[in-house]
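One structure is given below, encoded as structure tokens.
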Amino acid sequence: MSADTIWTITAFALTAGVIVSYLIGEKYPPFKIIANLFIGAAAGYAATVAIFQVIYPRLIVPFIFPSLGFSQITAIIPLVLAFLLLFKAVPRLSKVGNVATGVIVGAAAGVIIGGALLGTILTQAKAAITLFDPDLGLQSGRLVDALFMLLGTISTLVYFQFGGIRRPGKAVERPKATRFLAGLGKFFIAITLGALFAGVISSTMAVLAERLGFIVQTIQTWIR
Amino acid sequence: MPFKNRTGSTSKNADSPSQETPDWLKKIREKSHLEKPATPPLGAFGEAENRQFGETEKPDEIPQWLKELQKTESPVPDEPEKSEVDWITRLHEILPETPRSDSPSTTLYSDEELAAMAAAARKLDEFNRVIEEQASTQPLGVPPEPAPTDFHLESSSPAAPESPVELEGSISSFKPEQNQPDSANPEDITRDSHIEKEPVHIELKPTGNTEESVPWMQTPVMAEPEPVSIDTTPSEPVEPQPNSFDISSDKSETQSLESGIPAEENLPTEKKKSFFSSLFRKDETDSSEDAEDEPEDESGQNDEAAARTEEKPEPLIPESVLQPQYNRSVEYSGRLDISESQKASIHLLKSMLMGEIQPPAPTATQSKISGRMLRLCIGILLLIVMLFPLATGFMLTDQQALFSPGVVSMRTAVNALPENSPFLVITDFEPAFAGELKAAAIGVIDNLMMKNLNLSVVSTVPTGPALARDLITSVRQAAFAYPPEKISYLGYLPGGTTGMKDFIHNPRQALPLLDTGRYAWTYPATQDVFSINDYAGVLIITENTETGRAWIEQLHGNMADKPLLMVVSAQSAPLMRPYLDSKQLNGLIGGRVEGAMYDRIMEAPARSPVITASYQAGMLVVAVLIILGGIFGLFHGLFSSRSSSSKENWYVS
Amino acid sequence: MTSIEGLIGLVVIGLAIAFMIVFSVQDRKSKIPLRRIPAMEHLSRMVGLAVEEGRRIHISFGRGNFLDSHAASTLTNTALLKEVLKQSAGSDRPPAITSGDGTTTLLAIDVLYSTRRAGIIGDRVDSRRGRLSGVTPLSYAAGMLPSLHQEQTSMMVTGGMLGAELNLILDTADDESIHILTASDSPVGQAVAFSSPGDVLLGEEIFALPAYMNAGSMYPASLLAEDSLRWLLIVFIILGAILRSIGLTIL
Amino acid sequence: MKAPLSTLIAIICCAVVLLAYFLPFEPVQNISQLIINWAVSLSGIAMLVAIVSLLSSHWQKIRQKRSSDRYSILVIFGFGLTFLIGLVFGGPGSLDYQNVVTHMLLPIEAGLLGALTIGLTVAAFRLYRANRGWMTIVFGISTLLFVLLNSGIFTTGTGLDIPLIKNALGVLQRLPDAGGRGILLGLALGTITAGLRILLGIDRPYNS
């Protein structure tokens, strides 16, 4: 029996086992056995990847082989920070690792602000504006489409407005002027979430079809 | 009227003096004629009230033998010669609560006086009996009328006094201002002031940790209500009742009624007397026939007392009958003169009881079995329908005939790529979606291979490199496998968006090695690449909207004129299309179906059509179930009485 | 990136910081009125109920690489966690915290320690309360199920990047009658949660969690700053569309 | 202020990385890149520390007397198996070790995700329980439409090559784009204020 056959039998057993154990119920032993094995295996693989493809190439190689265009000084700092971060695993000494988490959090905050501003807000605003570009032609359908997209985008944004007006003895309400737009925004949000939910069903359905195809194909191979 | 004296035996009319006068009585009469004291005439009724409470007359004016008598008996009225009718109306002056016991009483008692003293003693017995009856006949749910003073009993509010000293202070002198809740929160104070006028059962919970607190500190908790007994020592702490108004079926009516009467030992001395006086006065008006002749006093108490006298105690209401009563609209007996605040109190108490009596509305019991059974049935149905085309090869539809805009622009972009140039492939999908994305991306990668491109493969997902290798090796049969030197697997790029930014800024520094550990940038496929702009284009394969968006945001501006292509799963397609409209993406394939469209548009043979047929059969089943569910939901909404709480879409556990 | 875009970026950041500072000062004077979100009301009520019943509150930071666009959702959840820890300090069962990412797990444990050192919660809360439940989406969801079955959980807030695997968690929570609030920063996760009976926060409502839990005056101020930027953006888009339709180009 | 050093470092790192996005100065960009590189490396270490916390919590479950969880043994066994194989085969780059992904992790994850189709279908069938007023109705209709559209049944065969159907399908495809763009812009606004709270030193989750 070749290694491939062993791996194929393993894959077949695991796929069929997961689908059947899910139907039986998550509270019962079959599902628990497979799920816990899976959690451990995934963690083991991630640990291997972290060591071989993060720590070794990015922390150790620049320090040991400075000839590859890295300066040793800049290679020492991350090593020290990494050593401090290990103290987070010990409850009493976790304060020592605050500097390392500070670097991670600071860098992440900068990236998400920059990415959100330049990558989404400006680009999406430009996209909403370019729909009205006369060079794209002025067929009636295109103008209706552009107005429809503009109305959908603005009403969705207005729905998410948080500030309200507090009247004595009453709950905080939306300003009157924005109520209609907010209602329209709810309509667009419901459509978008419906499309996304259908997309999720489509994705999982495609995965299920592919897995069932693998099971049937494997059985047919064994039968022949 | 037959009358029981203290010993319980009955005697004839107490008012007619006996025929033979005993010797000791003759001596007293002789003495009283010799020494007639000068006593100030009692002024109008109100004056007696002005004397400061607790102030006593000069001790030497009272003969010794009379003091003992006063300790046990009620004092003798000063004015024996007043007319017969007056002694009844002034009877309250000689009641135990007014300190008349110290009034100068050197005068010998006349027959009438002694008769009056005997009557007073009888009255005292009668009063004890009435108290017990009162405890058992007070109609349920109607709190005893508050003593006519603005007597403030703090409700069982959680703000129990904090420190032991405070605790002691609250036991010994229960003054209204002292019992203002400590919390400075105005809301509490207004809430307490609302309860102020209503005598609610006191339940002072032991403060802080019971073990540590000194035993005497533990404030008596009125738990199981016993018959009222005058006992000044704090009672033993008893198992606190969760809620003193909890009228559970196994408690007898009597106990629940008594719980409404403030615990005797908690009341300070002057309060006790005013409380009893109100009862006594009520009692007195009960028995007197000519109550209407009572002189009108300033505070109108007699009217109130008169109104209360006609109130016949309602018969005990059995527990089982209680429940529907509370749904009846509230009507008050016409003879009762109930003030607005009392009506509010009644309403408040009834609403509290309503909550207690009515069993909590059963939350919609979530039938778990039906949920799991439904899942089993739908699961089996789905599996059967999807396995049928796989087993029989049955095809639901022909090949795709219409193409989405993303597929068309993808073909255009791939055809425009220069031959034999470096190209970056980013495989950011999880193992779970490998099936779908392999079907969606296999056509595009096949075309890239047809163009003889040098592929660099990167992934920001730990399992990405392994899945990338599996995807690329499955495009072509082993015999026509793509030359390995034209594919460099750069491996895992950690750090998500920051890792992308790091790689885009300097690829060589971000990923120095191949996933096999060899130095990457001397490999044939990547030796010509020094910066991100050296790639002819980028293909991102991901199932995740955020990852796709992050790559577009980071690549924005760095590869302005190079094509950015994307293959996403069906769940992310709706959110990626806006980037296609804004020309940030030059090609977009969303899911298995658009992958099949791409194969069709490139005139390539359909890949795994039976799996596509199985997928379409499953999607039809889902569509039918959504329609059936909608119809069922419509009927479910129409017929089931949707209670108001169902508006809040959450379950109380 | 053109220099104009860079300039616009800096202006927007400056405006945002100014709005946040001004509105936080205003909030200290008089509470900023925020519109009613039923899911938020249920959250604060359920935290109280959980403490009274002596059952556990479970806060899950969800998946999503911290160094990715999910850092914002993680930072919001840490502020929420601090507030929940304060409000459930007297509970018999301290809150449990799970996550699907390494850095996020460390930050969750940090919040636990700092709250304990501040004396807000007793020693009963130890480090095992914050843990990694799985590294891939489905192992993360499968790793959450035991805490829903066995740890007397009464209320759960799940955030971060979620997709179809959220259905596994929602089904189990439904079976165990656990009240669940989904605050995912991924629209796909919001769509899956929208189809279930539990509470769900849509779009940017997830960033309002600390403000509605009264975590501090800067949080409602951040929401009003968002509103101000929102209206600036709407005006910018409308003006841009009008100018573009007559041939003029802003960007 | 508590732990001023880590707060200061976090604020400096955030400011430098942010400025690098908007100012085209080379030194600022290089320093920013260096900080990002360190952060990426540290995230690998953080993953290792978190996996240690995963294993220790399961180990505690095994050792606790009252209700020890037998299944936690499988987690530790699964971890040990794949980690040792990885060390023996020389890391994720080796072909044999990649079979762990393609023939162990992939079958389980794909099988479980496929099984979730059943759970999602049940949720789609019981949409009425979601109880969100008219939004649920619009959500249900939208789901039905896009399930049919994604099935690919209406885009097959030449019989459907009619302009009216093509335009209708095109408009249908556009419907979610408008709402999708609004949601993306909203999320971006929230992300900006959340990041700025770190820059201003208000949120300090890194201080334990």
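The values are calculated or read from the model by the stated rules, or taken from the named source; none is laboratory data. In this text the structure is predicted, and so the values were computed from the model without any measurement. All Cβ positions, glycine included, derive from the backbone under ideal geometry; neighbour counts span all protein chains shown.
Within the stretch B:388-407, residues that are assigned to a helix (DSSP H, G or I) sit with their Cβ atoms under 7 Å from residues that are hydroxyl-bearing (Ser, Thr, Tyr), at 6+ positions apart or across chains, in these pairs: B:PRO389/B:SER614; B:LEU390/B:SER614; B:VAL407/B:TYR598.
Could you tell me which residue of the stretch C:17-42 is surrounded by the fewest Cβ atoms within 10 Å (Cβ to Cβ), considering only residues that are in a helix (DSSP H, G or I) and among the polar types (S, T, N, Q)? Filtering first and then ranking leaves C:GLN26.
So that you can scan it fast, the table gives a plain yes or no per residue for (1) over 22 Å from B:ALA617 (Cβ atoms); (2) more than 8 Å from chain A (Cβ to nearest Cβ):
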| residue | (1), (2) |
| --- | --- |
| D:GLY114 | no, no |
| D:LEU120 | no, no |
| D:ALA124 | no, no |
| D:TYR128 | yes, yes |
| D:MET135 | yes, no |
| D:ILE141 | yes, no |
| D:LEU148 | no, yes |
| D:SER151 | no, no |
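Of the residues B:ASN544, B:ASN558, the single one that is touching a residue at least 40 places away in the same chain (Cβ under 8 Å), surrounded by fewer than 17 Cβ atoms within 10 Å (Cβ to Cβ) and within 14 Å of chain A (Cβ to nearest Cβ) is B:ASN558.
Residue-wise test of (1) touching a helix residue (DSSP H, G or I) at 6+ places or on another chain (Cβ under 8 Å); (2) at pLDDT 85 or above; (3) not acidic (Asp, Glu).
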site: A:GLY119; (1), (2), (3): yes, no, yes
site: A:GLY169; (1), (2), (3): no, no, yes
site: A:ALA190; (1), (2), (3): yes, yes, yes
site: A:ALA195; (1), (2), (3): yes, yes, yes
site: A:GLY199; (1), (2), (3): yes, yes, yes
site: A:SER202; (1), (2), (3): yes, yes, yes
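Taking the numbered list (1) under 30 Å from D:PRO4 (Cα atoms); (2) touching a Pro at 6+ places or on another chain (Cβ under 9 Å); (3) more than 7 Å from chain D (Cβ to nearest Cβ); (4) among the aliphatic types (A, V, I, L, M) in turn, A:LEU59 passes all entries but (3). Taken together, the criteria place B:GLU553 among residues that are buried (at least 20 other Cβ atoms within 10 Å of the Cβ) and of a type in the set (Asp, Glu). Of the residues making up the stretch A:1-46, those that are in a helix (DSSP H, G or I) and of a type in the set (Phe, Trp, Tyr) are A:TRP7, A:PHE12, A:TYR22, A:PHE31, A:PHE38, A:TYR45. The set of residues in the stretch C:172-189 that are buried (at least 24 other Cβ atoms within 10 Å of the Cβ) and either facing chain D (nearest Cβ under 8 Å) or without any contact (Cβ under 8 Å) to a residue 12 or more places away in the chain (or both) comprises C:ASP185, C:PRO187. As for the stretch D:87-95, it holds at least one residue that is at pLDDT below 85, assigned to a helix (DSSP H, G or I) and more than 28 Å from A:ILE104 (Cα to Cα). Quick one: which residue in C:GLU53, C:GLU41 is touching a strand residue (DSSP E or B) at 6+ places or on another chain (Cβ under 9 Å), within 14 Å of chain B (Cβ to nearest Cβ), at negative phi and among the charged types (D, E, K, R)? It is C:GLU53. Yes or no: the stretch C:109-120 includes at least one residue that is closer than 18 Å to D:LEU55 by Cα, within 18 Å of the chain's Cα centre (by Cα) and either within 8 Å of chain D (Cβ to nearest Cβ) or modelled with pLDDT under 70 (or both). So far as the stretch C:109-120 goes, yes, one or more of its residues are closer than 18 Å to D:LEU55 by Cα, within 18 Å of the chain's Cα centre (by Cα) and either within 8 Å of chain D (Cβ to nearest Cβ) or modelled with pLDDT under 70 (or both). For the stretch D:183-204, taking the residues that are part of a loop (DSSP other than H, G, I, E, B) and of a type in the set (A, V, I, L, M, F, W, C), the one that is farthest from the other protein chains (Cβ to nearest Cβ) is identified as D:LEU200.
Residue by residue, here is whether (1) of a type in the set (Ser, Thr, Tyr); (2) over 21 Å from A:ALA127 (Cβ atoms); (3) in a helix (DSSP H, G or I); (4) not assigned by TED's automatic domain parsing to the domain that holds B:VAL458 holds:
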residue: B:GLU546; (1), (2), (3), (4): no, no, yes, no
residue: B:GLU553; (1), (2), (3), (4): no, no, yes, no
residue: B:LYS562; (1), (2), (3), (4): no, no, no, no
residue: B:GLN571; (1), (2), (3), (4): no, yes, no, no
residue: B:ARG577; (1), (2), (3), (4): no, no, yes, no
residue: B:ILE589; (1), (2), (3), (4): no, no, no, no
residue: B:MET597; (1), (2), (3), (4): no, yes, yes, no
residue: B:GLN616; (1), (2), (3), (4): no, yes, yes, yes
residue: B:VAL622; (1), (2), (3), (4): no, yes, yes, yes
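Yes or no: the stretch D:60-73 includes at least one residue that is within 30 Å of A:PHE31 (Cα to Cα), at pLDDT 90 or above and within 9 Å of chain A (Cβ to nearest Cβ). Checking the stretch D:60-73: at least one residue is within 30 Å of A:PHE31 (Cα to Cα), at pLDDT 90 or above and within 9 Å of chain A (Cβ to nearest Cβ).
If you scan the stretch A:71-114, which residues turn out to be at pLDDT below 85, surrounded by 17 or more Cβ atoms within 10 Å (Cβ to Cβ) and within 14 Å of chain B (Cβ to nearest Cβ)? Within the stretch A:71-114, A:ALA75 is the sole residue that qualifies. Quick one: would you say A:PHE12 is at negative phi, in contact (Cβ under 8 Å) with a residue 24 or more places away in the chain and more than 24 Å from the chain's Cα centre (by Cα)? For A:PHE12, the condition - at negative phi, in contact (Cβ under 8 Å) with a residue 24 or more places away in the chain and more than 24 Å from the chain's Cα centre (by Cα) - is met. Of all residues in the stretch C:199-216, exactly one satisfies the criterion of being at the interface with another protein chain (Cβ under 8 Å from one of its Cβ atoms), surrounded by fewer than 24 Cβ atoms within 10 Å (Cβ to Cβ) and at pLDDT below 90, namely C:GLY216.
Summed over the stretch C:149-158, residues that are at pLDDT below 85 and either over 13 Å from C:VAL51 (Cα atoms) or surrounded by 24 or more Cβ atoms within 10 Å (Cβ to Cβ) (or both) total 3.
When the residues of the stretch D:29-54 are filtered to those that are over 22 Å from A:PRO57 (Cβ atoms) and in contact with a strand residue (DSSP E or B) (Cβ under 9 Å, 6 or more places away or on another chain), which remaining residue is surrounded by the fewest Cβ atoms within 10 Å (Cβ to Cβ)? That would be D:SER53.
Of everything listed in (1) β-branched (Val, Ile, Thr); (2) in contact with a strand residue (DSSP E or B) (Cβ under 9 Å, 6 or more places away or on another chain); (3) more than 7 Å from every other protein chain (Cβ to nearest Cβ), the single unmet condition for A:VAL172 is (3).
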